[in-house]
Amino acid sequence: MGKLFAVIKREYLERVRSPWFLIVTLFGPLFFATIMVLPGYLSLRGLRDAGVSQFTVLDASGSGLGDRLADRISARPNTDSLPPAMAEMANAMAATPRPVVEVLTVDALAAREAALITEVQEKRLVGFLVIDSATVDKGAARYAGRNAGSVGETERIEQALRSALLSMRIEAAGISASTAESLTRLRISLSADRITDKGKGGSGLASAFLGGGVAMLLYFSIVFYGQAILRGVLEEKTTRVAEVIVSSVSPDTLLAGKVLGVGAVGLTQQLVWLSSGVFFWTQRGALFKMLGMGAPPPMAFPTVSPTVLVALVLFFLLGYTLYASLFAAVGAMVGSQEEANQASQPVIMLLVFSIIFLQPVLLNPTGRLAQIVSWIPFSAPIIMPMRMTATEIGVGELAAVLLGVLAMCVACVWVAARIYRIGLLMYGKRPGMGELMRWIRQS
Amino acid sequence: MTELALDIRGVSKRYAEHVAVRDLTLSVPRGAVYGLLGPNGAGKTTTIRMILNIIAPDRGSITLLGRPNTDGSIQDRIGYLPEERGLYKKMAVRDVLRFLAELKGVDRRTADMRIAEWLERLSLRTAEKDWGKSKVEELSRGMQQKVQFIGTLVHDPELVILDEPFSGLDPINAQALKDTVVDLKRRGKTVIFSTHLMDNAERLCDAVCIIARGDKVLDGSVAGVKAENAGRTVALALEGSASPAVMGVLQDKALVERVDDQSRYFEVELAANADAQVLLRRILEAGARIARFERVQPSLHQIFLQRVGATGVEEGMSGHG
């Protein structure tokens, strides 16, 4: 027991003391938050900065459509498809100026167009939109400019144009201008609440976020710490320190100590992340204010039952142990990092298999595919926690899946320990399948 | 308390393609320095790994310090230096040594004290520099070897097993190792080491066992082994170099079994039933002037060559011991 503890202590302290641990623990969440929020932020910034509004509208329709359009372009951006938090952000950022509208006759159009082309070429103007009677009749308009290839921008012009035309036609049908305006500016906001056996269980969107987050966290932890085990075993093997160690402790103790020690590092890290996550969640009002984003959107934290919480921890422990033992076996089989990269492919494939199904399961956590993938012992530790938080799973099903994962875990540890025992002191050629089978039988 | 530090009985180990050790029986008394000799691939490392319970023998029993070697508690009383050596490169020297001591059940205070002693003794801690704080990878190869010795001895083991301890050592560290072995013996510890360097074995060992191709060739005290193989060897030194006529005499199979020719000095092993007096007369008749003609005890090297034979050495060169 004392020796096992010595191995665990070494694995734990050596890793926790390294500067990398500190960096990843402190900046990991920041990094994840960045890669989740940054794309949305950048595209919004893009919309504003690209100066969609800084184009000229040549209105030859003689109907005042140009002004209506300009009003709509400078109005709030369409954020219906965005989650509430991001919609807030988008609105705060996208206060766009009104484009210049030139009203002219059809005859003057060609000359003015030619002049504007020169202006665009000389970079004094981004582009120009031409509307005429055809626009009023059939909705056909022409845009020309340097940013004509941008789908986001042309779509925005299209939407504004559609809305402007609609309001004009409604007015033409005899409805007052203000009524027409409010009719066309209709905004939809659908709030989806999850219903569980115990009543309404908080925002469905929040559940999906939590489920996806948990799955990604488990996936990254398993990959990250599984690889750490592989590298550790490989180091002991290539530096030949392994032989000294196994003359003092049994290979099984060494393997167990390694898996437990590295696992403890992972748990420490997640504890730090979890507690900081809870802190930020409870303090989100102050945080939003600090960042100048106004009040945070009302989003109820999904209720997580104690059963789910326990199952979550069990899935992490079992999933980690399962993959850690496989990675350890790979480390003991090979003699160099290059060989390790190759030999760990099958294990990585099992993990990638799980992550491929992440999105489909997230979109439909109650579907048949989600069920099957969350039952397979190799993908269950990642997919099941996600399903569990996104929708409700019966205790019976949960227990059955956990038992399946446990059985597979025991089998993997058994096989891995045997490969490890022999492989640790074997140098030279990487063993083939037949040789591996002999190792497993032999020890 | 049993008098034997190590007792191996009828141990065999077979790998898929070859027999590594065949029916080996040997015993090492407590307090002895014991040499396990043999060419590369003879089965020395396999034997040592079986002694340490790193691999299990197919047959036979091994007793260490009076207890079966599978008894977990026995590991703490043994120090082991493998042939392939290495340490955790990124760890500080003191942390590695503390870890190795903890694996042997030494408490932290005792470990720190002994580590400090050893670092000083092997000049890894001086007034200018304390290498104990450095990472292993910052040390020179020679210094890393010293750290490895300390790791083997830090728990003050009763039995020390060294696999090819002299391979890769610079002369200074080789001398330090020899001194350490002598010191361990003086303090009543048992030392078993494998080597293919007969000179070291002859000078350091009380007893030896020669194995080749997995078989024990002979064992016993160094004095005993030499006495058993004595009487057939003649040391011959000439004034000037040997004439063809003298060489002819030395190659006469009726007189000479084998000769170790060093130009003016020869170690001659007499043929069965040959008489040394006849050899002396024939050499004189061949016109040689003799500086020395003496019946001597053969060196271990000589015995090794004689008993294992050139073929054993050659065949043994492939594979690992």
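Derivation of every value follows stated rules applied to the coordinates shown; laboratory data play no part. Please read these numbers as outputs of a predicted model, since none were measured by experiment. Because the Cβ atoms are built from the backbone with ideal geometry, glycine has one as well, and the counts that use them run over all protein chains shown.
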task = Evaluate the distance, in nm, between pseudo-label points positioned 7 Å from the Cα of B:His18 and of B:Arg281 along their respective Cα→Cβ axes.
result = 4.8
key: Residue exposure sequence - A:Ile393, B:Ile8 - by fewest surrounding Cβ within 10 Å   = A:Ile393, B:Ile8
Fully extended contour minus Cα-Cα distance, from B:Arg9 to B:Lys178, at 0.36 nm per residue = 57.9 nm
query = Under the definition of partner shielding as Cβ atoms of other protein chains within 10 Å of a residue Cβ, what is the mean value for peptide B:64-75?
reply = 1
task = Rank-order B:211-220, A:21-30, B:34-43 by packing density, defined as the average count of other C-beta atoms within 10 Å over each peptide's residues, highest first.
result = B:34-43, B:211-220, A:21-30
message = Under the rule of at least 5 residues apart or a separate chain, name every residue whose amide H is placed under 5 Å from the amide H of B:Arg30.
response = B:Leu4, B:Ala5
request  = Can you pull the one-decimal nm distance between simple spin-label points at A:Lys138 and A:Ile175, each 7 Å off the Cα toward Cβ?
outcome  = 2.6
remark   = Computed ³J(HN,Hα) along region A:350-367: with the Karplus parameters 6.51/-1.76/1.60, θ = phi - 60°, integer Hz and x for glycine or proline, the list is 4, 6, 5, 3, 5, 6, 4, 8, 4, 5, x, 5, 5, 6, 9, x, 9, x
key: Sequence of A:Phe279, B:Phe99, A:Phe353 once ranked by neighbouring C-beta atoms within 10 Å, starting from the fewest   = A:Phe279, A:Phe353, B:Phe99
Cβ-derived FRET efficiency at R0 51 Å, B:Asp170 paired with A:Ala286, nearest 0.05 = 0.20
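Using only alpha carbon pairs under 8 Å that are at least six residues apart, calculate the relative contact order of region B:4-226 and give it in whole percent.
Here the relative contact order equals 31 percent.
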request  = For B:Val160, list long-range residues whose amide hydrogen, built 1.01 Å from N in the peptide plane, is under 5 Å from its own amide hydrogen.
outcome  = B:Gly79, B:Thr190, B:Val191, B:Ile192
query = In terms of modelled amide H atoms, which long-range or inter-chain residues lie less than 5 Å from the amide H of B:Glu257?
reply = B:Glu269, B:Leu270, B:Ala271
key: Inter-part distance where region B:66-134 and region A:331-367 are each reduced to a Cα centre, Å   = 39
task = In whole Hz, with x marking every Gly and Pro, tabulate ³J(HN,Hα) for region B:57-65 from phi via Karplus 6.51 cos²θ - 1.76 cosθ + 1.60, θ = phi - 60°.
result = x, 6, 9, x, 10, 10, 10, 10, 6
note = Rounded to the nearest 500, the 222 nm mean residue ellipticity computed for chain B from DSSP H runs (n ≥ 4, each -39500 (n - 2.57)) alone is -10500 deg cm²/dmol
inquiry  = My understanding is that a pair violates if its Cα-Cα distance is over 24 Å; which of A:Lys3/B:Lys178; B:Lys44/B:Lys135; B:Lys178/B:Lys216; A:Lys9/B:Lys129; B:Lys133/B:Lys178; A:Lys237/B:Lys104 do that in this structure?
reply    = A:Lys3/B:Lys178; B:Lys44/B:Lys135; B:Lys178/B:Lys216; A:Lys9/B:Lys129; B:Lys133/B:Lys178
Burial ordering of B:Ile54, A:Ile117, B:Ile161, fewest other beta-carbon atoms within 10 Å first = A:Ile117, B:Ile54, B:Ile161
request  = Excluding residues on the same chain fewer than 8 positions from A:Lys289, give the lysines whose Cα lies under 30 Å from its Cα.
outcome  = A:Lys200
